[in-house]
Amino acid sequence: MKTLLTILPLLFIGAYVSSKSSDSSQSETTSAQFNYLALGDSYTIGESVDEHERYPNQLAEALSDNYGSTFKTEIIAQTGWTTGDLKNAIREAKLGNRKFDLVSLLIGVNNEFQQRSEEEYITEFKELLVQAIAFADGRSNRVVVISIPDYGYTPFGAGRQSSISTRIDRFNKINKQIAESMDVKYVSITEISRQGLSNSDLVAVDGLHPSGTMYKKWVDLLVAELKETF
């Protein structure tokens, strides 16, 4: 089975980013600095958008503004990654006993695209979420799972929209149930992603990934969910 990576080689020049700070800088009046770890795939690394438009960077900036503090962002993500790939990357990152004040997890679209089994996704997503909670020092309220966007509502996926959407819904049902069972926050951005065909401004120039404008809509939901968390 060909992967999305092999089908769109020019689109999927992924990037691994670690220890990447947001544009926010600490001022003399800042009362605290928070460390934010974003785990995922192309949607987290922000394929086809500028660095400042990635949702983790936009989120860090918004939270910094809201709390008058600095949110330093680290990203472990790459285009084309499945849950298994992300597990391997976390191990290779050798984060050790480091703890973070916020951890986000968005993963699964490539499991769906590669038609990997739902049973595998259940097992590996659970393992990833356990790791995410550990990175948050056991504070489940500092972990947020983000639903998988629906690429059926992009020019790339429009011809198979119905079948894509059906499978995306199944994978999102899994990650939501697991998130709720572990008492972590869950933010569904899937309905926003389904505006992609009716509003071209929400899709990046590659015709597949979200634009910075769509990511801003995600961030608005995330900020609302994280209200009074810090």
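Scan the stretch 84-97 residue by residue and report those that are within 13 Å of Ala132 (Cα to Cα) and surrounded by 12 or more Cβ atoms within 10 Å (Cβ to Cβ).
Hits for the stretch 84-97 are Leu86, Lys87, Ile90, Leu95.
Every residue in the stretch 88-112 that is more than 18 Å from Lys176 (Cα to Cα) and assigned to a loop (DSSP other than H, G, I, E, B), please.
Lys94, Leu95, Gly96, Asn97, Arg98, Lys99, Phe100, Asp101
Examine the stretch 144-164 for a residue that is under 18 Å from Asn110 (Cβ atoms), aliphatic (A, V, I, L, M) and surrounded by fewer than 20 Cβ atoms within 10 Å (Cβ to Cβ), and state whether such a residue exists.
No, because not a single residue in the stretch 144-164 is under 18 Å from Asn110 (Cβ atoms), aliphatic (A, V, I, L, M) and surrounded by fewer than 20 Cβ atoms within 10 Å (Cβ to Cβ).
Could we say that Val184 is surrounded by 23 or more Cβ atoms within 10 Å (Cβ to Cβ) and among the β-branched types (Val, Ile, Thr) here?
No; evaluated as a whole, the condition is false for this residue.
Just so you know, all these numbers are worked out from the coordinates, no wet-lab data involved. This one's a predicted model, so the numbers in the text were calculated from it and none came from an experiment. Glycine gets a Cβ as well: all are built from the backbone with ideal geometry, and neighbour counts include every protein chain shown.
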